[in-house]
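Working notes, beginning with the structure itself.
Just so you know, all these numbers are worked out from the coordinates, no wet-lab data involved. Here the structure is a predicted model, which means the values were calculated and not measured. Counting neighbours? That spans all protein chains shown, and the Cβs are built from the backbone with ideal geometry, glycine included.
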Amino acid sequence: MEIPNQVKRIRKAMVTIVEAVNLKKTYMLGKVPVEALRGVNLKVENGDFLSILGPSGSGKSTLLHLIGALDKPTEGKVFIEGVDVSTLNDNQLADLRRKIGFVFQFFNLIPRFTARENVELPMAINGLNKGERRKRSEELLENVGLKDRMNHKPTELSGGEQQRVAIARALANKPSFLLMDEPTGNIDSKAADDILKLVKRLNKGKGITTIMVTHDHRLASQAERTVHMLDGLIVQEKVN
Amino acid sequence: MKVSDILSYSFSAIKLRKFRAGLTTLGVVIGIAAIVALLSITQGLQETITRQLETGLATNTLIVSTSGGFGAGGQGGANSGFKLRINYTKIIDELSPDIDVSAAIVQRRGWIKSGRRELATTIVGVDFAKYADIYSSTFVNESGRIPLNPESNMIVIGRRVNDPWKNETLFCNVNDDVDIIWTNTTTFPMENETYSGVVTAVLKEVGGFGIGGPSDSSIYIPLSQAQSFFRTDECSQIIVRLKNSDKVTIDNVSKAITDAFSNQVSVISATAVLNTLTSVFSVIELFLGGIAAISLLVAGIGIMNIMIVSLMERTREIGILKALGMEGRTVLLIFLSESVIIGLIGAVIGIASGWGLANVVAIALGGGGAFMGNGAAGAGGIVITPLLTPIVAIVAFVFGVGVSVIFALYPAWRASKLKPVEALRYE
């Protein structure tokens, strides 16, 4: 078996992809301040498959948004590949997000675009020309097992298929890591298993660093490492 | 993101809401069409009138009349008892070597009677030889012959007196015996006076009107006959032809004439009339253009409205785009280019349909016949040919696209400033 060796080789480099230092986030819910994060420390190395587990309201989505450079912390710092996110302006943040592969619970595909066009979109945003986009989107969709469905629109695809399109889209710009927010939360269990297999294959086979937020214990245990969150804090961390 | 990709993205968003985009475009179309139609009709009208005037009164002629008559303020000419007399042409001829010839015109409202029918007309007494010399392009016979040494009963008639209804149902023709009638208001009670004459010539159609120059709805009788028939030695106007038509000559001669008559006459040059007309028309154009611009403004508000609705509907989509790494300015450009596409299509269709509308209106008015007709003969209509100058087309185009951009700026800016997390959470 070649693949585990490859993973090991990557592991050896031990490059920190994501680091959260004393992360705090306070929202204003009307006039009431809500502390969503109360000091979170987290480190994700290259090739990791980390799951963040916690009930709703535990702050896991907030953490995901901060790690994904979609939002800014009230206190503390997020480093992505060593870059302090808080020092970046809006345009630099946008550029940074191109290196992050988002997968959302509700897929968030553009309904008027076909599967292939959806996969091409991040590459278009990144300024790739049409030829390259076509070629790569075909490869990616083939990789997630949707080669024969690529000219279908999201409404013509099942939930599992849509999520696979979303994963292909997340991989389009060769991201540093995948960030998945309840990726199986909206699809049936059979399709969920397929998705999970796909994610594991990508992680093990291609060494793609993956961070997955979920409230499903069964799903979380599939990752190499799980952190439990409760009330805005990491309360437990274990290697599966 | 490449410009072509931005455009195709915007286009796909428009295509998704065809009906709504169509209505928004219609707003722009109406605004632009109104501007183009109004301006091209006005410019066509100006062009037509200017051309008519240029043929009707040669640019090297001056028209002398009592100053009160033309309302030149402060002179008190009309009240001072000053009368312009026929024999003043002799004085005027001596005033400047630049003066070629001058001719007096005696003019009264009256009727011409042929058989049992009567037609209201303007009776103009002129020296046929001089008048034909000055208006060599318009005082020309269509049929018959204009006598240069006319007998007193000879009459030259305008084309609309010959054929008032433009359908070859002739009122009178060459060699017909006619009666000329006018009402003498100086006697009490007023009295209709009549003499019999014979039509010796019909003028070629002049079209429209001419200040001082020949008119289709007038009849022309020898000056001496007019003097005795109207029992007057006063004239309405004296037409002066100059050897040159440059501004200096016109100004010098005008001043010489007004000075000679102690400011009791006013001198109007064709050039001055044309200039006045041009400035009047620019005011009209500005006014009409302004009214049309209001409809474009309404279209602009429509665009803004639709873009804000679109912004609401697509908040989540914008969140996705931002999560995928799209910069705020690219979001701004996508929204602006949607509006620009609408503006472009609207402007092009608007210019085309405005031009079409102008032609329809022109045909409707031209067919109506009596638009801007002069005289009681009534049928001296002007046919307007709408004129779409490149400037009007370009201005309309720039306006259409400009309005679309300006009114889309705010929604586009708001879209570009959306926070990714909040946009993604938006339901």
In the structure displayed, which of A:Lys99/B:Lys18; A:Lys72/A:Lys130; B:Lys2/B:Lys322; A:Lys135/B:Lys18 lie more than 26 Å apart, Cα to Cα?
A:Lys99/B:Lys18; A:Lys72/A:Lys130; A:Lys135/B:Lys18
Going by a ≥ b ≥ c, the root eigenvalues of the Cα gyration tensor, does the protein assembly as shown fall in the rounded group (a/c under 1.5), the prolate group (a/b larger than b/c) or the oblate group?
prolate
Kindly put A:Met14, B:Met1 in sequence by how many other C-beta atoms sit within 10 Å of each C-beta, fewest to most.
A:Met14, B:Met1
Packing-based ranking, highest mean first, of B:141-150, A:136-145 given that Cβ atoms within 10 Å are counted:
A:136-145, B:141-150
Put in order of increasing Cβ neighbours within 10 Å, starting from the fewest, B:Thr315, A:Thr87 give A:Thr87, B:Thr315
Sort A:170-182, B:298-310 for me by packing, meaning the mean count of neighbouring Cβ atoms within 10 Å per residue, highest on top.
A:170-182, B:298-310
Averaged across A:122-131, how many Cβ atoms of other chains sit within 10 Å of each residue's Cβ atom?
5
Sorting check: for B:180-193, B:228-241, A:40-53, which peptide has the highest mean count of neighbouring beta carbons within 10 Å, and how do the rest follow?
A:40-53, B:228-241, B:180-193
Report, in debye and to the nearest 20, how large the dipole of the protein assembly as shown comes out about its Cα centre when Lys and Arg carry +1 and Asp and Glu carry -1 on their Cβ.
3680
How would B:Val395, A:Val235 line up from fewest to most surrounding beta-carbon atoms within 10 angstrom?
A:Val235, B:Val395
Mean per-residue count of partner chain Cβ within 10 Å for B:315-323 equals 5
Determine the distance separating the Cα centre of the range B:243-311 from the Cα centre of the range A:30-84; give it in Å without decimals.
69
Once you put a point 7 Å from the Cα of B:Asn153 and another 7 Å from the Cα of B:Glu118, both along the Cβ direction, what distance in nm separates them?
2.2
Convex hull over the alpha-carbon atoms of the range B:226-307: what's its volume per residue in Å³?
182
Straight-line reach check, A:Lys238, cutoff 25 Å on alpha carbons, 8 or more apart in-chain or any other chain, hits among lysines -> A:Lys8, A:Lys12, A:Lys24, A:Lys25, A:Lys43, A:Lys60, A:Lys77, A:Lys197, A:Lys200, A:Lys204, A:Lys206
Please compute, for peptide B:325-333, the average count of beta-carbon atoms on other protein chains lying within 10 Å of each residue's beta-carbon.
5
Which percentage, to the nearest 5, of the DSSP beta bridges contained in chain A is antiparallel?
55
Show that you can apply the helix-only estimate: for chain A, add -39,500 (n - 2.57) for every DSSP H stretch of four or more residues, divide by all residues, and state [θ] at 222 nm to the nearest 500.
-11000 deg cm²/dmol
Please state the Cα pair-distance histogram of chain B with 20 angstrom bins from zero: what percent is in each bin?
22, 36, 21, 16, 5, 0
Once phi for every residue in the range B:352-358 is put through the Karplus expression 6.51 cos²θ - 1.76 cosθ + 1.60 (θ = phi - 60°), the whole-Hz ³J(HN,Hα) values, with Gly and Pro written as x, are 4, 6, x, 5, x, 4, 4
Using helices alone, what [θ] at 222 nm do you get for chain B, with -39,500 (n - 2.57) per DSSP H run of 4 or more residues, divided over all residues and rounded to the nearest 500?
-17500 deg cm²/dmol
Please report the projected area of chain A's Cα convex hull averaged over all directions, in nm².
13.8
About the Cα centre of chain B, how large is the charge dipole given +1 on each Lys and Arg Cβ and -1 on each Asp and Glu Cβ? Please answer in debye to the nearest 20.
1940
Sum of side-chain charges, A:Thr62 neighbourhood, beta-carbon under 14 Å (Lys, Arg +1; Asp, Glu -1):
0
Using a ≥ b ≥ c from the Cα gyration tensor of the range B:214-271 (square roots of the eigenvalues), is it rounded, prolate or oblate, where a/c under 1.5 gives rounded and otherwise the larger of a/b and b/c decides, a/b for prolate?
oblate
On a 0 to 90° scale, report how tilted helix B:390-417 is relative to the longest principal axis of chain B, with both axes built from alpha carbons and the result rounded to the nearest 10.
30
Of all DSSP beta bridges having both residues in the protein assembly as shown, the percent classed as antiparallel (nearest 5) is 70
What shape does the range A:103-175 take by its C-alpha gyration tensor, where a ≥ b ≥ c are the square roots of the eigenvalues and a/c under 1.5 counts as rounded, a/b above b/c as prolate, and the rest as oblate?
prolate
Under 23 Å from the Cα of B:Lys83 - lysines, other chains or at least 8 residues apart
B:Lys130, B:Lys255
Principal-axis tilt of helix B:247-260 within chain B, Cα atoms, nearest 10 degrees
50
Quick one: what are the phi-derived ³J(HN,Hα) couplings along the range B:312-323, Karplus 6.51/-1.76/1.60 with θ = phi - 60°, whole Hz, x for glycine and proline?
4, 4, 10, 3, 5, 4, 5, x, 4, 4, 5, 5
Which one of B:Ile6, B:Ile268, B:Leu23 is farthest out on the positive end of the charge dipole of chain B, using unit charges on Cβ (Lys, Arg +1; Asp, Glu -1) and the Cα centre as origin?
B:Ile6
